[in-house]
1. Would you confirm, using the coordinates I've provided, whether ALA150 is farther than 18 Å from TYR76 by Cβ, buried (at least 16 other Cβ atoms within 10 Å of the Cβ) and among the small types (Gly, Ala, Ser)?
2. Which of the residues that make up region 170-186 are in contact (Cβ under 8 Å) with a residue 40 or more places away in the chain and touching a helix residue (DSSP H, G or I) at 6+ places or on another chain (Cβ under 8 Å)?
3. Mind checking which residues of region 27-38 are crowded, with 22+ Cβ neighbours inside 10 Å and assigned to a loop (DSSP other than H, G, I, E, B)?
4. Within the set of pairs 6+ apart or on separate chains, which have a first residue in region 153-166 that is assigned to a strand (DSSP E or B), a second that is among the acidic types (Asp, Glu) and more than 16 Å from the ligand (Cβ to nearest atom), and C-beta atoms under 7 Å apart?
5. Hey, can you tell me all the residues within region 63-98 that are closer than 22 Å to LEU113 by Cβ and charged (D, E, K, R)?
6. Working carefully through the options LEU259, LEU249, find the one that is farther than 30 Å from VAL25 by Cα and surrounded by 23 or more Cβ atoms within 10 Å (Cβ to Cβ).
7. Being within 22 Å of LYS159 (Cα to Cα) and within 16 Å of the ligand (Cβ to nearest atom) is the filter here; which residues of region 93-127 pass it?
Amino acid sequence: MYDFRSDTVTQPTAAMRQAMATAPVGDDVYGDDPTVAALEQQAAQMSGFEAALFTSSGTQANLLALLAHCGRGDEYICGQQAHNYKYEGGGAAVLGSIQPQPLANNDDGTISLADIEAAIKPDDIHFAQTRLISLENTIGGKVLPLEYMAQVQQLAFEKGLKLHLDGARVFNACAELGVPLADIAQHFDSFTICLSKGLAAPVGSLLVGDELLIAKARRWRKMLGGGMRQAGIIAAAGQLALSEQPSRLIEDHHHAQLLAQGLNKLNQVELQYSATNMVFATFNHVDLQALEQHLLNDEIKVSIAKQMRLVLHKDIDKAGVEKLLSSLAAFEGKVN
Ligand SMILES: *Cc1c(COP(=O)(O)O)cnc(C)c1O
């Protein structure tokens, strides 16, 4: 089965399963798990940061960052399309009494500096207190340029705000830009990494920041029920996710380009764009249910929709891309 729904579907590697079976573990709530500690150190070191925190999910890592940066009645500025605004159940508002100030994302995924500046609230009792700017890279597969991140960092510094990155797929940005993690991380006060997307770990994310921020986040994590015991079992896979997987992500980007080129040749498909490991396409005048069944018969899974997102990852090789393209071509032949 070739599964194009997301890079979250990636299976752990054989090396990960082996490492999980043999990882030394302890009670991480007591700070006793050497594998979790090693993973956190590894992430901090790769980023040029002081500390990191292993979390159960990317949603939890983002929430902990918001709770650690902002207090009750504070506000964070983010994109309308930001995962930590749109897809995290309003957690910052529900659990932290933190107000989001979403702003339009441009077509390239950036938020205009002028828009950010205009949205920063002056010190006035009518307003929530703006504390934080939150960016996302990659966003919808698109890479925010290094110069842009530097400009937002400068603005945040001038305004006395902190800057957070939702870096669920930050290694895809690294691969595309051809830079090490630290080159992106240096622009932020904190950022997240998802180990369980293209990096193929079964579970887990990381929040990276300075000692003080991570200490606050650790407290919140416990309160939210995210304190885990012998978590080294899953952290062991995370170590390999960080050490072995980033270098192969560029392959997924090449496969995405290959898929985009092939989709462009089909009649019923209108290619929207392809960026890093994602391809977005519109299927016009197509019976979507019939298409889904046709693809399933060919052992291909997609998130069926008129506007479809197709995601490349380590469990889809070049043959998988070609199989999807030929299956779509056969479907066109059938209905025409
Ligand atoms: C997947 C994702 C998250 C959240 O990760 P979960 O582990 O699914 O909670 C956060 N931000 C972005 C951009 C994501 O793609």
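None of the figures in this text is laboratory data; all of them are computed from the coordinates on show. From a predicted model like this one, the values you see are computed outputs, not experimental measurements. FYI the Cβ positions are ideal-geometry reconstructions off the backbone, even for glycines, and counts take in every protein chain you see.
1. Details: farther than 18 Å from TYR76 by Cβ: yes; buried (at least 16 other Cβ atoms within 10 Å of the Cβ): no; among the small types (Gly, Ala, Ser): yes.
No; evaluated as a whole, the condition is false for this residue.
2. Looking only at region 170-186, we keep the residues that are in contact (Cβ under 8 Å) with a residue 40 or more places away in the chain, and these are 171-176, 180-182, 184-186.
The answer is PHE171, ASN172, ALA173, CYS174, ALA175, GLU176, PRO180, LEU181, ALA182, ILE184, ALA185.
3. Quick first cut of region 27-38, residues crowded, with 22+ Cβ neighbours inside 10 Å only: 33, 35-36.
Within region 27-38, just ASP33 meets the criteria.
4. From region 153-166, the pairs are LYS162/ASP189; LEU163/ASP189; HIS164/ASP189.
5. Once the filter is applied, which keeps residues that are closer than 22 Å to LEU113 by Cβ and charged (D, E, K, R), region 63-98 yields ASP74, GLU75, LYS86.
6. Numbers: LEU249 fails: farther than 30 Å from VAL25 by Cα.
Just one listed residue meets the conditions, LEU259.
7. Within region 93-127, PRO100, PRO102, ASN105, THR110, ILE111 meet the criteria.
So that you can scan it fast, the table gives a plain yes or no per residue for (1) of a type in the set (Val, Ile, Thr); (2) under 19 Å from ASP3 (Cα atoms); (3) away from the ligand (no atom under 11 Å from the Cβ):
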site: ASP166; (1), (2), (3): no, no, no
site: ARG169; (1), (2), (3): no, yes, no
site: CYS174; (1), (2), (3): no, no, yes
site: PRO180; (1), (2), (3): no, no, yes
site: PHE188; (1), (2), (3): no, no, yes
site: SER196; (1), (2), (3): no, yes, no
site: SER205; (1), (2), (3): no, no, no
